[in-house]
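Okay, so here's the structure we're looking at.
The values are calculated or read from the model by the stated rules, or taken from the named source; none is laboratory data. All values derive from a computational prediction rather than experimental measurement. Counting neighbours? That spans all protein chains shown, and the Cβs are built from the backbone with ideal geometry, glycine included. SASA here: full protein model, heavy atoms, side chains in, ligands and nucleic acids out. Shrake-Rupley method; radii C 1.70, N 1.55, O 1.52, S 1.80 Å.
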Amino acid sequence: MSDPRATGGVATSLAQIPEYRGLLSWLSSIDHKQIGILYIASAVLFLLVGVAEAVLMRIQLMWPGNHFMSPGTYNQIFTMHGTTMVFLMAMPLLFGFSVYLVPLMIGARDMAFPRLNAAGYWLYLFGALMLYFSFMAGGAPAAGWFSYAPLTEGGYSFGPGIDYWALSLLVMGAGSVATAINLVVTVLTLRTPGMSLRRLPLFVWMTFVNSFLVILALPALNAALVMILADRQLNTHFFAPEHGGSALLWQNYFWVFGHPEVYILVLPAFGVISEVIPVFSRKVIYGYGFLASSTVAIAFLSFGVWVHHMFATGLSFAALYVFAASSMLIAVPTGIKIFNWIATMWGGSIRFTTAMMFATAFLIQFTAGGLSGVTFAAIPIDWQLTDSYFVVAHIHYVLLGGTLFGMFAGIYYWFPKITGRLLSERLGRLQFWLLVIGFNGTFAGMHVLGVLGMPRRAYTYPDRPPLGLLHLISSSFAILLALGLVLLVVNVIVSLRRGAVAGDDPWGGWTLEWATTSPPPPDNFERVPPVRSRRPLWDLAHAPPAVRDAGRAEGGGHD
Amino acid sequence: MTERNRLGMILFVLSESVFFTLLIVAYVFYHHPGAEGPSAAGVLDRGKAAGYSVALLCSSLTLWLAGLSLRRREQARAASWLLGTFVLGGVFLVGQALEYAHLLRAHVTVSRNLFGASFFTLTGFHGFHVFVGLVMLAILAGLTLARSRPERVEAATEAVAVYWHFVDGVWVVIFSIVYLWSMA
Ligand code: HEM
């Protein structure tokens, strides 16, 4: 295709931008948009891998006493499923949106450190491939996504799986910290004139706070990983109780990282929702200041709740009470956020596009997941339900029904900006309903399984009704769920070929990314519009023509 | 540009401080009187460690002076301060290497007991950070000598200085805990 800009036209697809042609352009890119796309594409790929693993688990659990796979294989599969979904799918998906959108939303040309940005992505991909290489190198890790000691010690996990697991997480962790630093510096130094911190789009706010969480939480994991590697490779005994080590120390260190990590996984989804809901309700977001500041509160509190993952470890009651209280406390700012979003929708003229439907489902399902979470903060309930399917249900309501649904809203909302084509709404709706029905069908019943005493991470279970029936229902709905997830890829391929041309601002959005063409040119903006409020594009559309032209001229440079 | 590099480095250092905090906590956690085998009080030589620690502390001063000279565009002087910093950092590493050699000869190894494990992990990672700092210092000194773009070298030096002072500060904490508190 020829360069449309040469004839004064505007590129309407990525293939029309000469800078983006050819494999080398992608491998060597330091353009934040290409790197963002690479992140998102890799994340979707690993989503499919993780789903495939989930389907294997659900086949195994379909009937009591099933012999589809051996117990050892099952352990590897659930470990790889959890690790893949958290580190290879969710984190890079969030980073992909962050590095793609943040510079555009603040009117910058690129990230503060474009090369570091590329390094972050390639570290992630290298780490991810290393994790999967373990299958060929003698067996995948099989100690769960949080690899509790002393199971991970050399004397209990013989194969190289845990070593691959730890090394790959170290590599990816380094990349994540680099990218988070990059995002913070970008937000602090590259905002266009007029874009004060109080005018930042909420997605940028949430990413900003989230990056601090990454910067402070990932090193805790790295310290723990270094110690477990030393235990396995250098024969130290940090986590080996029989030699005076402490298995609990691993748990403490892991969850000092792990609980902030849970918020790392959900805050960007909050950001997406905060952009999508106002645009499709045609109303200003309700309580901007609260949404932004409560995010900071959540970030602080998230470092003070880790022990609630360890209520069953025999800690002193004083410690238990403190952490139970802090865990209930953190639900408060989160809960109020939910009301902010509902208040934004209230009385608005809502357009139920696919993106908005995902956002709405996020609200409902995330609330359900949050509520089952708060029940755990009550210690006796935790003692009863810990390590049961109730926890599996909770994880998925928060991470799948919450984060992933939120990110789907983001995918449908920004796909036209990223590629120049709209995703098919018809396929979108089909996908939405498959996912909602499949998701709730698969996981709602798991709450009951948990209460009935079905332990998690068990490769099979006795034939004692109604366990078999509940598992069968769950497995059947999981097929719909998996189909819904695969349908995303179908929709992307179909829409890239035949999707409607999006134009600059298909949804009537108000933030700066919609001011440039879709897809944006390599330099992002020809001119950044002036920023005088939180909704620069609304100002532009509603200003009298004279002011508008003056404003355009004034908003020239942005360095 | 200057601001951007420094800011990035400050955030990196923030991240590293969490990493070191947890390694230090592990050291403290495993330090108790009843522990079997060699312990800090039995095998470490406080005097020698204090000696090479002083070299590291001085290197913070020389790096600060290098920054001053760079700001005044006195390239030759800046280069010598940078080299001085490099040498002082090198003295620290050599001192640490000699200490390690001594410990290993006495069969105090990383796998001997939890003191060995936490001591070598903590000081080893710190030493690795010093080593990385030395590489950066060598590059800066080379760039200064080669008279490459002074404003960029200055910006880079400021960022490296953040890192170096941090590594220095971490050592002060490690020294206080490992050589003062746990040997008491
Ligand atoms: C098709 C969709 C999915 C299905 C059918 C599914 C199914 C399952 C099942 C059955 C388990 C429990 C295994 C056991 O304890 O024996 C599990 C664990 C887990 N899942 Fe999923 N899952 C899906 C998607 C996701 C997504 C999107 C995420 C995260 C964003 C996720 C994160 C996890 C985590 C963290 C665990 C815990 C792993 C462990 O115990 O170490 N899953 N999943």
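Observations
- Qualifying position, being more than 14 Å from chain B (Cβ to nearest Cβ), at pLDDT 95 or above and within 13 Å of the ligand (Cβ to nearest atom), among A:Leu104, A:Leu93: A:Leu93
- Tally of residues being within 11 Å of the ligand (Cβ to nearest atom) and open to solvent by 10 Å² or more (accessible area, probe 1.4 Å) across segment A:367-388: 1
- Breaking point among (1) modelled with pLDDT under 95; (2) crowded, with 17+ Cβ neighbours inside 10 Å, for B:Leu23: (1)
- Residue among A:Val296, A:Val272 that alone is crowded, with 21+ Cβ neighbours inside 10 Å, hydrophobic (A, V, I, L, M, F, W, C) and in a helix (DSSP H, G or I): A:Val272
- The listed residue being under 25 Å from B:Phe12 (Cβ atoms), touching an Asp or Glu at 6+ places or on another chain (Cβ under 6 Å) and of a type outside the set (S, T, N, Q), out of A:Met111, A:Met105, A:Met130: A:Met105
- Of the criteria (1) under 14 Å from the mean Cα position of the chain (by Cα); (2) more than 9 Å from every other protein chain (Cβ to nearest Cβ); (3) crowded, with 20+ Cβ neighbours inside 10 Å, which one B:Ser39 fails: (1)
Yes or no, residue by residue, for (1) open to solvent by 20 Å² or more (accessible area, probe 1.4 Å); (2) away from the ligand (no atom under 13 Å from the Cβ); (3) free of Cβ contacts under 8 Å to residues at least 12 places away in the same chain:
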site	(1), (2), (3)
A:Ala43	no, no, no
A:Leu48	yes, no, no
A:Met62	yes, no, no
A:His67	yes, yes, yes
A:Pro71	yes, no, no
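- Subset of segment A:179-207 [open to solvent by 30 Å² or more (accessible area, probe 1.4 Å), part of a helix (DSSP H, G or I) and facing chain B (nearest Cβ under 9 Å)]: A:Leu188, A:Thr189
- Failed condition for A:Ala149, given (1) aliphatic (A, V, I, L, M); (2) assigned to a loop (DSSP other than H, G, I, E, B); (3) over 26 Å from A:Arg232 (Cβ atoms): (3)
- Within segment A:161-175, the set of residues being of a type in the set (Ser, Thr, Tyr) and under 20 Å from the mean Cα position of the chain (by Cα) comprises just one member, A:Ser168.
- Residues of segment A:227-238 that are open to solvent by 20 Å² or more (accessible area, probe 1.4 Å), within 19 Å of A:Phe146 (Cα to Cα) and at the interface with chain B (Cβ under 7 Å from one of its Cβ atoms): A:His237 alone.
- If only residues of segment A:452-466 that are modelled with pLDDT of 90 or more, open to solvent by 20 Å² or more (accessible area, probe 1.4 Å) and over 17 Å from A:Met69 (Cα atoms) are counted, the one that is farthest from the ligand (Cβ to nearest atom) is A:Leu452.
- Any pair with Cβ under 8 angstrom, 6 or more apart, that starts in segment A:467-489 at a residue that is under 28 Å from A:Ser42 (Cβ atoms) and ends at one that is polar (S, T, N, Q) and more than 9 Å from the ligand (Cβ to nearest atom): A:Phe477/A:Asn440; A:Gly484/A:Gln431; A:Leu487/A:Gln431; A:Leu488/A:Gln431
- For B:Ala156, the conditions (1) out of contact with any helix residue (DSSP H, G or I) (no Cβ under 9 Å at 6 or more places or on another chain); (2) surrounded by 14 or more Cβ atoms within 10 Å (Cβ to Cβ); (3) of a type in the set (A, V, I, L, M) are fulfilled apart from (1).
- Hits in segment A:242-269 (condition: away from every other protein chain (no Cβ under 12 Å), open to solvent by less than 20 Å² (accessible area, probe 1.4 Å) and within 30 Å of A:Met105 (Cβ to Cβ)): A:Gly258, A:His259, A:Glu261, A:Ile264, A:Leu265, A:Val266, A:Leu267, A:Pro268, A:Ala269
- Flag if A:Gly428 is assigned to a helix (DSSP H, G or I), open to solvent by less than 20 Å² (accessible area, probe 1.4 Å) and more than 14 Å from the ligand (Cβ to nearest atom): yes
- Taking each residue of segment B:45-67 that is open to solvent by less than 50 Å² (accessible area, probe 1.4 Å) and looking for partners that are polar (S, T, N, Q) and in a helix (DSSP H, G or I) with beta-carbon atoms closer than 6 Å, six or more apart or interchain, yields B:Ser59/B:Thr85; B:Thr62/B:Thr85; B:Leu63/B:Thr85; B:Gly67/B:Thr157.
- In this structure, A:Gln76 does satisfy being surrounded by 21 or more Cβ atoms within 10 Å (Cβ to Cβ) and either aromatic (Phe, Trp, Tyr) or modelled with pLDDT under 95 (or both).
- Test: residue in segment A:165-176 that is closer than 17 Å to A:Tyr263 by Cβ, within 14 Å of another protein chain (Cβ to nearest Cβ) and assigned to a helix (DSSP H, G or I): yes
- Residues of segment A:468-491 that are open to solvent by less than 20 Å² (accessible area, probe 1.4 Å) and either more than 10 Å from the ligand (Cβ to nearest atom) or under 19 Å from A:Phe408 (Cα atoms) (or both): A:Gly468, A:Ala478, A:Leu481, A:Ala482, A:Gly484, A:Leu485, A:Leu488, A:Asn491.
- When segment A:21-42 is filtered for residues that are out of contact with any Asp or Glu (no Cβ under 8 Å at 6 or more places or on another chain) and closer than 19 Å to A:Phe525 by Cα, the ones remaining, listed by number, are A:Ser29, A:Lys33, A:Gln34, A:Ile35, A:Gly36, A:Ile37.
- Taking the criterion of being within 7 Å of chain B (Cβ to nearest Cβ) and surrounded by fewer than 22 Cβ atoms within 10 Å (Cβ to Cβ), no residue of segment A:208-225 qualifies.
- Hits in segment A:73-89 (condition: among the hydroxyl-bearing types (Ser, Thr, Tyr) and near the ligand (Cβ under 9 Å from one of its atoms)): A:Tyr74, A:Thr79, A:Thr83, A:Thr84
- Any hit, segment A:348-359, residues being surrounded by fewer than 17 Cβ atoms within 10 Å (Cβ to Cβ), of a type in the set (A, V, I, L, M, F, W, C), under 30 Å from A:Leu202 (Cα atoms) and touching a residue at least 40 places away in the same chain (Cβ under 8 Å): yes
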